[in-house]
Amino acid sequence: MSSSFLSPRAPVCPPDLLARAQRADSPRVAIARAGAPLPMQAAMEATQAGIMTPVFIGEANDIRREADALGWDISAWPLHDTTGEQEAGEKAADLCGAGEADVLMKGQLHSDTFMRAALRREAGLRTDQRFVHIFHLTPPDGGAPLLITDAAVNVAPNVEARQSAVRSVVSLLRTLGVDRPRVAILSATESVLDAVPSSGEARTIADWAAEHLPEADVAGPLALDLILSQDAAATKGLGDHPVAGRADAIVVPDIVSGNALFKAMVYVGGACAAGIVMGAAVPILLTSRADPAAARMASVALAAVVA
């Protein structure tokens with residue numbers, strides 16, 4: 001039985017993001033263990049939309065069988081025959097590290113196996129930046145996106161990890177055309193309280209950003225109502241605040257709050273969620289089996305813009 005809180009609206013891949021991706025060079029996307037219905041369907045639709053060039057990795061017979069089921073001729077693109085999850089993940093990551101692919105995409109394998117393959121030093125994808133997952137959420141009726149980090153990779157990020165998240169989300173927003181990104185550091189209050197450790201950490205992060213990221217407005221601590229609602233901000237005397245009520249991005253204190261927030265926006269608000277891992281040598285797409293087609297398309301489009 002479905003809850004009455006659930007949005008009945010299917011998510012829609014944002015047309016402006018798709019158009020931006022189509023204007024960019026089509027990246028070569030290494031699909032780790034591609035031989036399953038969902039990754040192959042996503043690859044076909046994104047390829048036909050002109051936003052990716054597929055590089056297939058996985059059991060060759062499975063990949064060809066899924067392509068045949070879709071009526072898709074894949075003979076023009078590379079196919080690397082591997083066995084099992086680990087070998088597919090490592091081969092896909094190695095191709096990206098060797099410059100033979102521009103984006104790494106998760107197919108039919110477990111997320112921990114996929115990320116372990118990407119984090120291997122021999123894959124060549126690690127940089128001096130921390131891996132940070134960012135969700136790009138767009139409302140069902142269109143409008144400016146809201147970015148959330150980190151809801152999928154870093155479980156309990158300390159202050160330094162959240163500083164990396166701020167840096168990554170500011171970089172992504174500027175890539176997407178936001179001249180001066182506005183980033184909110186989430187807590188349960190707008191005041192620093194000893195009983196709420198994330199509030200003091202948020203202030204520390206905001207002070208750090210003022211010194212190290214002068215091209216952005218970063219504020220915290222801020223509770224969710226003050227981040228999302230200009231009315232709430234005005235009521236609490238923050239109507240002229242540079243971030244309150246007008247944030248482009250939210251940096252959360254832990255994976256539970258981030259995961260709950262993004263899923264609430266998707267399932268209750270009808271948002272389309274494109275996800276990307278930043279901080280590696282190439283963009284990484286950590287897709288889920290529960291992702292609808294629109295979210296998979298939006299994720300590839302976001303990676304195409306970044307790549």
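The values are calculated or read from the model by the stated rules, or taken from the named source; none is laboratory data. This one's a predicted model, so the numbers in the text were calculated from it and none came from an experiment. All Cβ positions, even for glycine, are placed from backbone atoms using ideal geometry, and neighbour counts span all protein chains on display. Heavy atoms of the whole protein, side chains included, go into the accessibility calculation; ligands, DNA and RNA do not. Shrake-Rupley method; radii C 1.70, N 1.55, O 1.52, S 1.80 Å.
Can you name every residue in the stretch 137-149 that is outside any loop (DSSP other than H, G, I, E, B) and either open to solvent by 10 Å² or more (accessible area, probe 1.4 Å) or within 17 Å of R9 (Cβ to Cβ) (or both)? L137, T138, L146, listed by residue number. Taken together, the criteria exclude D112 from residues that are in a loop (DSSP other than H, G, I, E, B), within 24 Å of V306 (Cβ to Cβ), at pLDDT below 95 and open to solvent by 50 Å² or more (accessible area, probe 1.4 Å). Contact map, the stretch 23-37: first residue at positive phi and of a type in the set (D, E, K, R), second residue part of a loop (DSSP other than H, G, I, E, B) and open to solvent by 50 Å² or more (accessible area, probe 1.4 Å), Cβ cut-off under 8 Å, separation 6 or more or different chains; pairs are R33/Q108.
Scanning the stretch 4-18 for residues that are assigned to a loop (DSSP other than H, G, I, E, B) and out of contact with any helix residue (DSSP H, G or I) (no Cβ under 9 Å at 6 or more places or on another chain), which turns out nearest to P139 (Cα to Cα)? Per the criteria, the residue is R9. Within the stretch 89-108, track down each residue that is among the hydrophobic types (A, V, I, L, M, F, W, C) and either assigned to a helix (DSSP H, G or I) or within 18 Å of the chain's Cα centre (by Cα) (or both). Those that are among the hydrophobic types (A, V, I, L, M, F, W, C) and either assigned to a helix (DSSP H, G or I) or within 18 Å of the chain's Cα centre (by Cα) (or both): A92, A93, L95, C96, V103, L104, M105.
The number of residues in the stretch 19-36 being in contact with a helix residue (DSSP H, G or I) (Cβ under 6 Å, 6 or more places away or on another chain) and surrounded by fewer than 20 Cβ atoms within 10 Å (Cβ to Cβ) comes to 2. Here the strands (runs of 3 or more DSSP E) wholly within the stretch 191-307 that include at least 1 residues being charged (D, E, K, R), farther than 19 Å from V153 by Cβ and touching a strand residue (DSSP E or B) at 6+ places or on another chain (Cβ under 8 Å) are 217-222. Can you name the residue in the stretch 229-266 that is free of Cβ contacts under 8 Å to residues at least 24 places away in the same chain and hydrophobic (A, V, I, L, M, F, W, C) and is also most open to solvent (accessible area, probe 1.4 Å) among such residues? Only one residue fits best here, namely V256. Within the stretch 116-166, the set of residues being within 16 Å of the chain's Cα centre (by Cα) and among the hydroxyl-bearing types (S, T, Y) comprises T138, T149, S164. Applying the set (1) among the aliphatic types (A, V, I, L, M); (2) touching a strand residue (DSSP E or B) at 6+ places or on another chain (Cβ under 9 Å); (3) more than 30 Å from A19 (Cβ to Cβ); (4) in a loop (DSSP other than H, G, I, E, B) to V155 leaves exactly one unmet item: (2).
The C-beta contact set for the stretch 57-71 (first residue within 17 Å of E45 (Cα to Cα), second residue open to solvent by 40 Å² or more (accessible area, probe 1.4 Å) and modelled with pLDDT under 95, distance under 9 angstrom, 6+ apart or interchain) comprises E66/P37; E66/Q41; A69/P37; L70/P37; L70/Q41. When restricted to residues that are crowded, with 19+ Cβ neighbours inside 10 Å and either closer than 14 Å to I57 by Cβ or out of contact with any helix residue (DSSP H, G or I) (no Cβ under 7 Å at 6 or more places or on another chain) (or both), the stretch 115-130 contains 4. Could you say whether any residue in the stretch 133-140 is modelled with pLDDT under 95 and more than 25 Å from T47 (Cβ to Cβ)? Yes, some residue in the stretch 133-140 is modelled with pLDDT under 95 and more than 25 Å from T47 (Cβ to Cβ). Against the test of being part of a helix (DSSP H, G or I), basic (K, R) and open to solvent by 60 Å² or more (accessible area, probe 1.4 Å), the options R180, R162, R167 yield a single qualifying residue, R167.
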